[in-house]
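Mind looking over this structure? Questions follow.
The values are calculated or read from the model by the stated rules, or taken from the named source; none is laboratory data. Since this is a predicted model, take the numbers as computed values, not measurements. Ligands, DNA and RNA are stripped out before the accessible areas are found, and what is left, the full protein with its side chains, is counted by its heavy atoms. Shrake-Rupley method; radii C 1.70, N 1.55, O 1.52, S 1.80 Å.
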Amino acid sequence: MKLSDKGLLEIAEHEGIVPAPYFDSVGVLTYGIGHTRNAGLPNPATMPRGMPANLDKAIDEALDVFRIDVGRYEARVNAAVRVPLKQHEFDALVSFDFNTGGIHRAKLTAAINRGDKDAARHFMGWLRPIEIKKRRTAEMRLFQTGNYDANGDDIPVWRADDAGKLRGIHSTIDGADLLRRMGRSAAPGASN
């Protein structure tokens, strides 16, 4: 399966866009839309710090990295889950793995694979750091109901300073613009 446009927007809206390396809430050096060195190249540690001079170009570069990352996480979910999924269930699991990297070891995955009708409760087993609870709740609800909570919100573009600290929202991008910039043609409300 592939991530739908609505699933892609869900992840982007949860993560936001930071066009320079920054330290996330648990101290992991991160870039773009939730990209860490564990996701592959580029390694945020080797990137220039501080806000880029050409913000539009930097956002497009971050979206290119995001496109590659999404493909990796789609493959990971496809490999881990051995039962048929609905699109919204797949999208919720890609968001979960994108954020945790835990799809292969999660009780959630084992419960889904054995057909547990209440498997979604296991989303809530991944609540570190505690501020992630809102996202886990949204992923669980998406998995259970198909409700894409975040869709329709603007995606924040955050400022990062030379020390890798976030310094507030610089601007926002709407979902249709993000999809257009990623070469996806569907409207934000459309599924694929």
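Roughly speaking, what is the centre-to-centre gap between the range 1-19 and the range 35-82 when only Cα atoms are used, to the nearest Å?
If you average the Cα positions of each part, the centres end up 12 Å apart.
Then there is this: Hey, what angle do you get for helix 133-145 against the long axis of the chain, alpha-carbon based, 0 to 90 degrees rounded to 10?
Taking Cα atoms only, the helix is inclined about 50 degrees.
Okay, moving on. Provide the per residue accessible area, probe 1.4 Å, for the range 74-192, rounded to a whole number of square angstrom.
53 Å²
Same structure again: Shape verdict for the chain, please, from the Cα gyration tensor: rounded (a/c under 1.5), prolate (a/b greater than b/c) or oblate.
prolate
To test your reading of the geometry: what angle, between 0 and 90 degrees and rounded to tens, separates the Cα axis of helix 87-100 from the longest principal axis of the chain?
Compared with the principal axis, the helix lies near 50 degrees.
Of all accessible surface on the chain at a 1.4 Å probe, what whole percent is carbon and sulfur?
Of all accessible area on the chain, carbon and sulfur atoms account for 51 percent.
Quick one: grab the alpha carbon gyration tensor of the range 13-69, order the square roots of its eigenvalues as a ≥ b ≥ c, and give me rounded if a/c is under 1.5, else prolate or oblate depending on whether a/b is larger than b/c.
rounded
If amide H atoms are built 1.01 Å from N in the plane of the peptide, which residues on other chains or at least 5 residues away come under 5 Å of the amide H of TRP158?
Under 5 Å from the amide H of TRP158: ILE17, VAL18, HIS170.
On a full-extension model of 0.36 nm per residue, what is the gain between ARG114 and LYS133, subtracting their alpha-carbon distance, rounded to one decimal in nm?
Full-extension gain reported as 4.3 nm.
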